[in-house]
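Rule-based calculations on the coordinates, nothing more; no lab input. Predicted model, so just to flag it, every value in this text is computed and none were measured. Virtual Cβ from ideal backbone geometry, glycine too; neighbours counted across all protein chains shown.
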Amino acid sequence: MEGLDPGKIVVIDDELSLREGARRILTRMDYEVFLAEQGETGLEILRNEPAGIVLLDMKMPGMDGMDVLAEIMAMNRGIIVIVITGYATVETAIQAMKMGAYDFIPKPYEPDQLRMIINRATETLKLKIEKETLERERKRTLADLNTEQSRIHTILESLPNGVLVTGSDGRVVLLNQACYKHLHLDPGITPGGPINDYVADQELCSLVMDISRGRYIDYNDIPSQEIRVNNETHLLVRCRPVLGEKKECMGTVVNIMDISTMKALEELKSEFVAKVSHELRSPLSTIHEQIKMVMGDVGESIGQDDKHMLSRAREKTGGLISTIGDLLDLSRIEAGMGVKEPKPVQVDELLKSIGEFMESRATAKGQTLTVIPPDAPLPPIQSDLLALESVFGNLIANAINYTPEGGTIRVNADLTGNNIRVTVADNGFGIPAKYMDKIFDRFYRVKNERTRYITGTGLGLPIVKGIVDSMNGYIDVESQVNQGTTFTVILPLKQTTGTAGIV
């Protein structure tokens with residue numbers, strides 16, 4: 001962070017009107033503004049200028065906002081990044097916040113909104129710079145120790161995020177005013193008690209104790225957590241160890257961010273998708289069936305061109321109906337309704353049933369679909385039958401779609417520890433390495449000369465990942481172009497009712 005200039009701002013946005021508008025507003029606020037129409041240009045400016053704040057658009061051609069954000073965070077200079085997002089990309093904004101973005105602003109934004117968030121970011125940056133300066137001064141002399149502690153205390157009290165510090169025994173030694181607010185703590189409560197007295201979420205308390213006792217070897221593996229307080233406040237929590245001179249763990253720092261507003265926007269988005277989908281599905285289904293009736297009534301009385309047109313229209317309406325169904329599934333998963341009350345499910349029998357159902361599709365393409373039975377019957381898994389059918393049905397359907405005629409698909413299930421492992425392997429087209437990190441994105445489909453005519457919504461894999469995540473499971477993919485793809489799903493034998501991203 002040393003050398004950053006809070007008076008310099010870089011605006012990275014592919015829309016000329018937004019760039020120029022931001023420059024006019026910020027210039028009047030006495031900032032020096034640098035403009036970039038694409039991510040690469042913005043990164044080049046940051047390499048040559050000590051700009052302390054970046055306004056970053058999430059949706060840009062070429063290098064998108066998430067890639068640019070990752071590059072800025074990798075610089076490790078303490079640059080404050082404010083992401084610019086539209087209504088449809090709130091989920092991306094939340095992901096950006098988890099990656100280290102300071103805040104987000106929806107577009108189109110009002111001048112007052114921009115001024116307010118820039119002023120807050122500038123103040124935060126100045127406080128962080130001042131904190132680092134104080135830390136350097138502390139190392140120079142012990143005579144100013146008391147003064148520096150007072151200043152640091154003032155800084156902590158000024159931070160918008162809650163800060164809670166525990167010792168190696170898990171007892172709280174420090175918490176700021178924002179922490180009282182975020183955790184809805186009684187103003188009379190003071191430091192000194194165990195972490196459980198301040199935080200009701202037992203999973204978070206266990207994580208803090210594990211860190212304090214030095215049970216994490218790689219601190220980069222410490223997960224962020226989302227917790228809910230009084231069913232109204234959503235918090236994003238990050239924990240890191242306090243290390244001594246010999247790198248021994250002396251306690252834990254807990255950083256708490258209020259993301260209630262973002263969660264509310266996420267819920268509004270899901271409600272909007274569900275409502276629009278419901279409103280569209282009924283008329284589309286009517287049109288779809290009427291086209292079918294017309295094609296049956298006219299028979300051979302119309303030409304091939306008209307038949308082709310009607311056939312294409314019915315195919316497209318069917319595709320839209322399928323997309324709407326997938327959108328509703330995603331909405332239910334996001335709302336925490338993707339997985340119902342867990343019941344015992346025999347995964348090996350379920351896979352056999354799905355394989356028999358889809359065998360005709362594979363046979364039509366001259367493919368061999370094999371569901372390999374385990375050496376011994378698998379124990380039942382506590383889960384939702386329909387959700388598991390959706391997971392494995394989507395994976396097997398994908399394997400059939402993206403495997404050429406005469407190919408093979410093999411499905412296998414086995415027991416590994418306290419988990420069920422299922423693999424769906426094919427010798428199909430494969431996925432290029434550059435697309436591997438995008439295949440679980442909504443509506444994303446790998447398109448090339450061999451796959452461009454394969455129909456689909458691009459929502460199957462996001463649905464699969466959403467369900468697996470809600471079951472506290474794990475999904476992995478390995479693939480080589482022209483050799484095939486293997487999806488691996490690992491699910492715990494005992495499930496709890498999952499929620500979509502909310503702990």
To the nearest 0.05, what FRET efficiency results for Lys181 and Arg136 with a Förster distance of 30 Å applied to their C-beta separation? 0.45
With the label point 7 Å along the Cα-to-beta-carbon line of Gln346 and a cut-off under 11 Å to each amide N, the hits in the stretch 392-433 are none
Please give the FRET efficiency for Ile152 paired with Gln202, using the beta carbon to beta carbon distance and R0 = 22 Å, rounded to the nearest 0.05. 0.10
Using the Cβ atoms and a cut-off under 14 Å, what net charge is assigned to the surroundings of Glu44, where Lys and Arg are +1 and Asp and Glu are -1? -3
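Which order results if Met436, Met293, Met262 are arranged by neighbouring Cβ count within 10 Å, fewest first?
Least crowded to most crowded, the residues run Met293, Met436, Met262.
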Given Lys128/Lys181; Lys292/Lys465; Lys98/Lys438; Lys98/Lys343, which pairs have Cα atoms separated by over 23 Å? Lys292/Lys465; Lys98/Lys343
Gain on full stretching of the segment that runs from His308 to Lys247 - 0.36 nm per residue minus C-alpha separation: 14.8 nm
Read phi for every residue in the stretch 173-190 and hand back ³J(HN,Hα) as whole Hz from Karplus 6.51 cos²θ - 1.76 cosθ + 1.60, θ = phi - 60°, with x for Gly and Pro. 10, 7, 8, 8, 5, 4, 5, 4, 5, 5, 8, 6, 7, 5, x, x, 6, 10
Using the Cα centre of the stretch 159-258 as origin and beta-carbon charges of +1 (Lys, Arg) and -1 (Asp, Glu), tell me which of Asn161, Pro194, Val242 is placed farthest towards the positive end of the dipole. Val242
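Ratio of alpha-carbon Rg to the 2.2 N^0.38 Å globular estimate for the stretch 343-492, to two decimals, please.
Scaled against compact globular proteins, the figure is 1.00.
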Between Phe440 and Lys126, 0.36 nm times their residue separation minus their Cα-Cα distance comes to what? 109.2 nm
With a cut-off of at most 15 other beta carbons within 10 Å, and DSSP calling the residue loop, which trypsin sites (Lys or Arg not before Pro) in the stretch 334-414 qualify? Please list them. Lys340, Lys365
How do Cys249, Cys179 rank when sorted from fewest to most other Cβ atoms within 10 Å of their own Cβ? Cys249, Cys179
If R0 is 51 Å, what FRET efficiency do you get for Thr363 and Glu232 from their C-beta distance, rounded to 0.05? 0.40
About its Cα centre, the stretch 5-129 carries a charge dipole, from +1 on Lys and Arg Cβ atoms and -1 on Asp and Glu Cβ atoms, whose size in debye to the nearest 20 is 440
Sort Ser470, Ser17 by Cβ crowding within 10 Å, fewest neighbours at the top. Ser17, Ser470
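How much length is gained if the chain between Tyr474 and Glu32 is pulled fully straight, taking 0.36 nm per residue apart and subtracting their Cα-Cα distance, in nm to one decimal?
That pair, Tyr474 and Glu32, stretches by 154.5 nm at full extension.
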Diffing the stretch 4-19: the Karplus 3J(HN,Hα) column from phi (6.51, -1.76, 1.60, θ = phi - 60°), in whole Hz with x for Gly and Pro, holds 5, 10, x, x, 10, 10, 10, 9, 10, 7, 7, 8, 4, 5, 5, 4
